[in-house]
Structures are given as C-alpha cells and as structure tokens.
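Q: Once you've had a glance at the structure underneath, I'll fire off some questions.
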Amino acid sequence: MRIGYGEDAHRLAPGRPLILGGVRVPSPVGPIAHSDGDALLHALTDALLSAVAAGDIGALFPNDDPKNRDRPSREFVAAALARVHARGFRPVEVRGVVVLDAPKLGPHRPAIEAALAELLDLAAEGVGLTFKTSEGLAPHHVQARVFVRLDRL
C-alpha cells in the first residue's frame, strides 16, 4: 500500500471557467492558471505522483511550456496514472477537500465524485470529497487537498 498527498491553489478572476474534478461548475469567476486550472485534478496529480515518488506536476508539465497552455488537467492525471501503473500500483481510494467561498459546490458533488471515479477507474465509494468555505479569509481563491491510497496491481 502507498499513500500520496497533493495540494493546489489558484486565485480566481472573471472570465475564466471554473473546472473542478473535470466538471465545469457555473461561476462568474475561474482560476488564473496556465492550464485549465482544475485545482482538484492538480492536487490529485501530485498525490498520485507523490505516492510512487515520481516527482510533481510542475516537473512533468511546466507552466512555461506553451504546450500546457489551457491544457485539460485530465491529461495530467492520465500521465500520473501511467507512472503509478508502471510502478505496479493502482488507486483504490481518493479523499479530498476543496475550499471555495462561492459558488456552493454541494449541488455538484455527485457529478464531481462520479468524474473522479471514472477517471481513476474506482467504485463510487472509493471517492469522497468535502467542500468548505474559507469563512471569508480567501474569497478570491480555490484550494484543493487530496489524499490517495494505492495498492499493488
């Protein structure tokens, strides 16, 4: 068994789509980022990579590389999963916390959890997310923290 942890945060600004877990969430603001800015998938990518000591998202997908401009974060997760599988492991559980003041994410939980389960080839109970607000401490930010548990293939 292996455990991995990842964390990501982005400032929010008008005119950018808000994507979390690969799901577009209706919002007047979205993350300022080189890629699509999906903080949840960025944290998941780092969690997967850390579990198998395979570096981090910035090393694999530098933000100064034009190929990564507006790149879907699902591709980052796929690359991390390939490294996990190559080392003889597979994800069996993912738990995450997303901190965002607005919009409220509760109504989007089923879609986001289902998207993560599909992306990682997990049963629905293998994914658990908690949504929090910053209580006004970081109203223009989104932050995600993810733990992943891997088992041998």
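Each value in this text was obtained by applying a stated rule to the coordinates, not by laboratory testing. The shown structure was predicted, so the numbers you read here are calculated from the model rather than taken from an experiment. For neighbour counting, all protein chains shown are included, and Cβ atoms are generated from backbone atoms with ideal geometry for every residue, glycine included.
Q: I'd like the residue in region 44-78 that is touching a Leu at 6+ places or on another chain (Cβ under 6 Å) and small (Gly, Ala, Ser) and, out of all such residues, is surrounded by the most Cβ atoms within 10 Å (Cβ to Cβ).
A: Top of the filtered list is 73.
Q: Sort through 109, 90 and tell me the only one that's more than 24 Å from residue 49 (Cβ to Cβ), among the charged types (D, E, K, R) and out of contact with any Cys (no Cβ under 9 Å at 6 or more places or on another chain).
A: Of 109, 90, the one residue that is more than 24 Å from residue 49 (Cβ to Cβ), among the charged types (D, E, K, R) and out of contact with any Cys (no Cβ under 9 Å at 6 or more places or on another chain) is 109.
Q: Follow-up question, since we're still on this one. Which numbered condition trips up residue 30, out of (1) of a type outside the set (D, E, K, R); (2) farther than 19 Å from residue 110 by Cα; (3) in a loop (DSSP other than H, G, I, E, B)?
A: Every listed condition holds for residue 30 apart from (3).
Q: With respect to residue 124, is the statement that it is within 16 Å of residue 93 (Cβ to Cβ) and loosely packed, with under 14 Cβ neighbours inside 10 Å true?
A: Here the answer is yes, as residue 124 does meet what is asked.
Q: Now, a different point. Restricting attention to region 32-42, does a residue exist that is among the charged types (D, E, K, R), touching a residue at least 40 places away in the same chain (Cβ under 8 Å) and farther than 19 Å from residue 90 by Cα?
A: Filtering region 32-42 down to residues among the charged types (D, E, K, R) leaves 36, 38.
Checking the rest, the ones that are also touching a residue at least 40 places away in the same chain (Cβ under 8 Å) come to none.
No, region 32-42 contains no residue that is among the charged types (D, E, K, R), touching a residue at least 40 places away in the same chain (Cβ under 8 Å) and farther than 19 Å from residue 90 by Cα.
Q: Mind listing just one residue for me: the one in region 97-139 that is acidic (Asp, Glu) and either within 20 Å of residue 31 (Cα to Cα) or part of a helix (DSSP H, G or I) (or both) and, of those, nearest to the chain's Cα centre (by Cα)?
A: Looking at the filtered set, the residue picked out is 113.
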